[in-house]
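Student: Just passing along the structure, written as structure tokens.
The values are calculated or read from the model by the stated rules, or taken from the named source; none is laboratory data. Everything numeric here is computed off the predicted structure, so don't read it as measured data. Only protein heavy atoms, including side chains, enter the accessible area calculation; ligands, DNA and RNA are left aside. Shrake-Rupley method; radii C 1.70, N 1.55, O 1.52, S 1.80 Å.
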Amino acid sequence: MNKNELIEHIAKQADISKAAAGRSLDALIGAVRTTLKKGGTVTLVGFGTFAVGKRAARTGRNPRTGAAIKIKKANVPKFRPGKALKDAIN
């Protein structure tokens, strides 16, 4: 499912226009992005938790030359599914 298909599904299920569903989805994504950027977490009970993980600096290899390169530390978004989502899938 891509973003447009998700917007159509939201519009149909919530009985709203596709434009309103698109704005709602964009607002949700924006809120999650802003919260994670500040280092917070977003928990949707029954669905899961979005959080920020830290990836340590490390040494990697350039696949073309085999030369060692330094990879900087980074903050990465993580998602941990909730119990209800896991149960729904299994």
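Student: Taking a probe of 1.4 Å, how large is the accessible area per residue of the chain, in Å²?
Tutor: I get 82 Å² per residue for the chain.
Student: I'd like the Karplus ³J(HN,Hα) series for the range 56-72: coefficients 6.51, -1.76, 1.60, θ = phi - 60°, whole numbers in Hz, and an x wherever there's a Gly or Pro.
Tutor: 6, 5, 7, 9, x, 10, 6, x, 7, 9, x, 6, 6, 10, 8, 10, 5
Student: Any chance you could tell me what percent of the C-alpha pair distances in the range 40-90 go past 18 Å?
Tutor: Result for the distance tail: 55 percent.
Student: Give the aspartates and glutamates whose C-alpha is closer than 12 Å to that of K3, dropping any in the same chain fewer than 8 places away, or say none.
Tutor: D26
Student: Let me ask something additional. How far is helix 18-37 tilted, in degrees, relative to the longest principal axis of the Cα atoms in the chain, given as a value from 0 to 90 rounded to the nearest 10?
Tutor: 40 degrees
Student: Follow-up. Convert 20 °C to kelvin, take the viscosity as 1.002 mPa s, use the Kirkwood radius over C-alpha pairs of the range 1-49 as Rh, and evaluate the Stokes-Einstein diffusion coefficient in µm²/s, rounded to a whole number.
Tutor: 181 µm²/s
Student: Give me D for the chain in µm² s⁻¹, whole number, from Stokes-Einstein with Rh from the Kirkwood sum over alpha-carbon pairs, 37 °C and 0.692 mPa s.
Tutor: Roughly 204 µm²/s, to the nearest whole number.
Student: Given Cα pairs under 8 Å that are at least 6 residues apart, what percent is the relative contact order of the chain?
Tutor: 21 percent
Student: Right, here's the next one. Quick one: with all protein chains in place, what share of the accessible area of the chain is carbon or sulfur, to the nearest percent (1.4 Å probe)?
Tutor: That fraction is 56 percent.
Student: Mean residue ellipticity at 222 nm from the helices of the chain, using -39,500 (n - 2.57) per DSSP H segment of n ≥ 4 over the full residue count, to the nearest 500 deg cm²/dmol?
Tutor: -13500 deg cm²/dmol
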